[in-house]
Amino acid sequence: MNRSDQPAIGILDSGVGGLTVVKEVMRQLPAERIIYFGDTSRCPYGPRPREEVLRFTLEIVRFLEQFPLKALVIACNTATAVALDEVRKRTSIPVLGVIEPGARAAIRTTTRGRIGVIGTQGTVRSRAYEKALRRSSPHLYIVSHACPAFVPLVESDCGGTEEARRVVESSLAPLKEHRVDTLILGCTHYPLIANLIGEVMGEDVHLISSAEETARELKAMLAQRNLLASEEHALLRDHHFYTSGDPEFFRRIAERWLGCSLKVTRAAAETPISGSL
Ligand code: DGL
């Protein structure tokens, strides 16, 4: 088997947000090969109509299916809320989303049963977290709040600025009066500014990112199907990152977040890539 034949984990997002899931997959499953697609040129997905998010997601899935895949992770809450069921119907590869894992982690963590959910307009409108949380814990106090200004901050790499602090403070102000003990970062971009969100919410609020639990679920699923890569595969492992935006800009953010050097190529989800994979 050569590098490009090794079945990979396909991971997708509207941009750099899914890298928060990639980081956990790399930590928990270091022998696995990852093929990532970030749809930076069409980000954000949050304010878009459902039909459009569904169409974009299905395009990316088809793009990723050019590669030999053993699993697919929709590392985007907005796309998970809209497209998870449809993607599962259309592919034989096992598909994971990030909402059920995030909800499970929050239920394990909450101390007073008061859970906040922040996400894109699309995710909040779908009420997907509320439904997932209530399925196992019907009596929780849940408050959901859209923070549409956060994704542009992360995608423009401005998370460390004073402007970012002002934006985060004003966006979270309406949530603070609900005195939640646990806050779900219901958008995979948000862990990239988790420090700031944590400072604004206060140290007694537990922040939940779906990434860790999603990677754990992926590992269990691969183990159950006997699909885990062996150590010997780790030597062949060859990650590849695709973005529909500027590859240099994407690479800068991705390498800083993941702490390793990466191959990043520009590609459009609508167009299959040609030549060697
Ligand atoms: N990272 C995505 C999410 O988890 C989408 C952000 C966006 O494109 O609006 O919802």
Problem set entry | Cut-off 15 Å between beta-carbons: net charge of the residues surrounding Thr161, Lys and Arg +1, Asp and Glu -1 | -4
For this session: Over the range 66-214, with every protein chain in place, what whole percent of the accessible area is carbon and sulfur at 1.4 Å, could you tell me?
Result: 49
Problem set entry | Relative contact order of the range 1-60, pairs being alpha-carbon contacts under 8 Å that are 6 or more residues apart, as % | 39
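How much FRET efficiency would the formula 1/(1 + (r/R0)^6) give for Gln66 and Leu228, where r is the Cβ-Cβ distance and R0 is 25 Å, rounded to 0.05? Intermediate results must be reported in sequence, preceding the final value.
Working: r = 23 Å, r/R0 = 0.92.
After rounding to 0.05, the efficiency reads 0.60.
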For this session: For n ≥ 4 DSSP H runs only, could you compute -39500 (n - 2.57) per run for the chain, divide by its residues and tell me the 222 nm figure to the nearest 500?
Result: -13500 deg cm²/dmol
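Per residue, how much accessible surface does the chain expose to a 1.4 Å probe? Answer in Å², no decimals.
Spelled out: the 1.4 Å probe surface of the chain, per residue, equals 44 Å².
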Exercise. So, by mean Cβ neighbours within 10 angstrom, what's the order for 22-33, 160-171 with the highest one leading?
Worked result: 22-33, 160-171
Problem set entry | Lysine pairs meeting the criterion (Cα under 24 Å, 8 or more apart or interchain), as found in the chain | 9
Exercise. If contacts are Cα pairs under 8 angstrom and at least 6 residues apart, what is the relative contact order of the chain in percent?
Worked result: 28
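The values are calculated or read from the model by the stated rules, or taken from the named source; none is laboratory data. As the structure is a computational prediction, the values presented were derived from the model and not from experiment. Don't worry about glycine lacking a Cβ; one is built from the backbone with ideal geometry, like all the others, and counts go over all protein chains shown. Please note that ligands, DNA and RNA were not included when accessible areas were found on the heavy atoms of the full protein model with its side chains. Shrake-Rupley method; radii C 1.70, N 1.55, O 1.52, S 1.80 Å.
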